[in-house]
Ligand code: NAD
């Protein structure tokens with residue numbers, strides 16, 4: 001699982017050699033830790049066009065002080081007021097002089113407005129921000145990330161800005177995130193925002209699911225670690241370590257929803273659909289069992305249990321559903337027609353259900369779409385394909401399970417009610433897919 005190349009390029013001879021040979025030079029990413037909870041440095045707030053967003057108080061609440069004369073750790077460019085091509089020149093004028101000096105592992109966040117269907121000049125200029133963001137993400141290097149947030153209300157986007165402007169979003173780059181109208185109250189971003197909430201993490205016994213369970217527990221949630229009976233030992237170990245409970249259950253069983261409801265008589269706040277399997281073969285060689293089993297675990301059981309837990313009210317108002325897609329469901333992948341279909345199905349589920357679930361149940365529905373994440377699943381991939389998967393992204397390295405976990409924790413946050421129907425890739429801006 002260890003990325004030896006990343007360690008090698010962190011040494012002086014490694015840096016020298018890889019530079020001479022023109023090889024990728026991944027930067028060691030700064031991730032969240034209790035000793036390092038914030039970015040190292042200040043924030044630069046820039047504006048292009050005439051903005052009416054009222055961003056300053058929200059940025060002040062993130063706790064990142066203004067950048068002094070040193071390099072900024074974070075740059076926020078408010079481009080919500082850009083309505084035509086002329087105003088786009090202000091985007092260039094604002095970022096051109098500062099981009100070189102953004103600190104390693106720093107953040108650039110561009111803020112845009114929703115596209116105006118009645119004004120194609122505004123829509124062209126705002127869509128241009130997307131191409132700009134994705135291109136800057138590909139060239140900025142040194143572990144720095146660039147993301148675009150489309151919003152109309154700065155306060156509704158506070159939890160999103162806090163996430164993107166922190167070490168928690170180390171492997172999220174080149175993303176476009178839409179934040180809708182404010183929903184409910186926006187509680188302060190305390191250290192344990194999920195206190196009093198119950199989270200169910202499917203496939204929580206290992207890999208990404210184990211990291212998600214750990215991060216939600218860190219944020220105060222009571223975690224229920226669900227996994228198949230064969231994974232009993234691991235599931236109990238994880239649950240015990242986190243002060244949670246284990247629930248041994250195959251998600252594909254017809255009565256999975258009823259059994260979850262029975263195990264959680266006080267209800268559930270966070271439903272995290274993480275369990276997933278691969279059974280790779282090219283379509284010409286794929287027997288129907290492989291097709292059916294992947295579609296069953298990754299999609300059909302997600303649909304069935306979600307329906308059941310929403311219908312019987314187990315999933316409470318103010319709740320969150322976070323499903324797990326994959327870049328394979330967005331870009332496609334040879335040998336994974338079954339897996340790609342199942343993960344694209346998750347994207348369809350999220351887009352269709354999100355507005356109705358919010359209207360009818362007060363629950364948001366989003367997905368994380370991991371790219372290459374260092375787990376047992378990817379350690380089993382043959383060496384050359386694995387190496388290609390690791391390097392083919394803007395950060396030139398694989399992500400860690402905790403990167404998916406931090407993204408899930410942001411979507412699960414009580415203040416993230418305005419983030420709904422989003423599919424957020426945790427892929428270091430993979431070159432595969434959009
Ligand atoms: P993993 O194989 O390490 O862990 C998956 C867990 O799900 C296991 O504990 C397994 O026992 C459990 N599980 C499988 N079928 C189940 C069922 N029917 N009922 C209950 N539990 C079940 O996988 P991972 O790498 O941690 O991946 C987690 C999720 O992220 C999956 O949905 C996967 O498709 C997705 N994903 C992973 C990557 C990656 O690079 N690792 C990339 C994209 C998407």
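The values are calculated or read from the model by the stated rules, or taken from the named source; none is laboratory data. Every value quoted in this text rests on a predicted model; they were computed, and no experiment measured them. Neighbour counts are summed over all protein chains in view; Cβ atoms, including those assigned to glycine, are modelled from backbone coordinates with ideal geometry.
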Q: Check 356, 320 and return the single one that is over 22 Å from residue 252 (Cβ atoms) and in contact with a helix residue (DSSP H, G or I) (Cβ under 8 Å, 6 or more places away or on another chain).
A: 320
Q | Number of the exception - residue 139 against (1) under 18 Å from the mean Cα position of the chain (by Cα); (2) surrounded by fewer than 22 Cβ atoms within 10 Å (Cβ to Cβ); (3) free of Cβ contacts under 8 Å to residues at least 60 places away in the same chain | A | (1)
Q) Mind checking whether some residue in segment 290-303 is in contact with a helix residue (DSSP H, G or I) (Cβ under 9 Å, 6 or more places away or on another chain), in the same structural domain as residue 421 (by TED's automatic domain parsing) and within 15 Å of residue 200 (Cβ to Cβ)? A) yes
Q: Could you list all residues from segment 26-49 that are under 22 Å from residue 79 (Cβ atoms) and in contact with a helix residue (DSSP H, G or I) (Cβ under 8 Å, 6 or more places away or on another chain)?
A: 39, 43, 45, 46, 47, 48, 49
**Q.** Close pairs (6 angstrom Cβ cut-off, 6 or more residues apart or separate chains): touching a residue at least 60 places away in the same chain (Cβ under 8 Å) in segment 313-342, in a loop (DSSP other than H, G, I, E, B) and more than 14 Å from the ligand (Cβ to nearest atom) anywhere
**A.** 318/362
Q. Residues of segment 167-188 being buried (at least 22 other Cβ atoms within 10 Å of the Cβ) and in a loop (DSSP other than H, G, I, E, B), which ones?
A. 170, 171, 172, 173, 174, 175, 179, 180
Q: Look through segment 313-349, keep the residues that are assigned to a helix (DSSP H, G or I) and more than 14 Å from the ligand (Cβ to nearest atom), and return whichever of them is nearest to residue 398 (Cα to Cα).
A: 337
Q. From the list 307, 280, 266, which one is more than 10 Å from the ligand (Cβ to nearest atom) and out of contact with any strand residue (DSSP E or B) (no Cβ under 8 Å at 6 or more places or on another chain)?
A. 307
Q: Using the structure shown, decide if residue 205 is outside the structural domain of residue 51 (by TED's automatic domain parsing), modelled with pLDDT of 95 or more, in contact with a helix residue (DSSP H, G or I) (Cβ under 6 Å, 6 or more places away or on another chain) and part of a loop (DSSP other than H, G, I, E, B).
A: yes
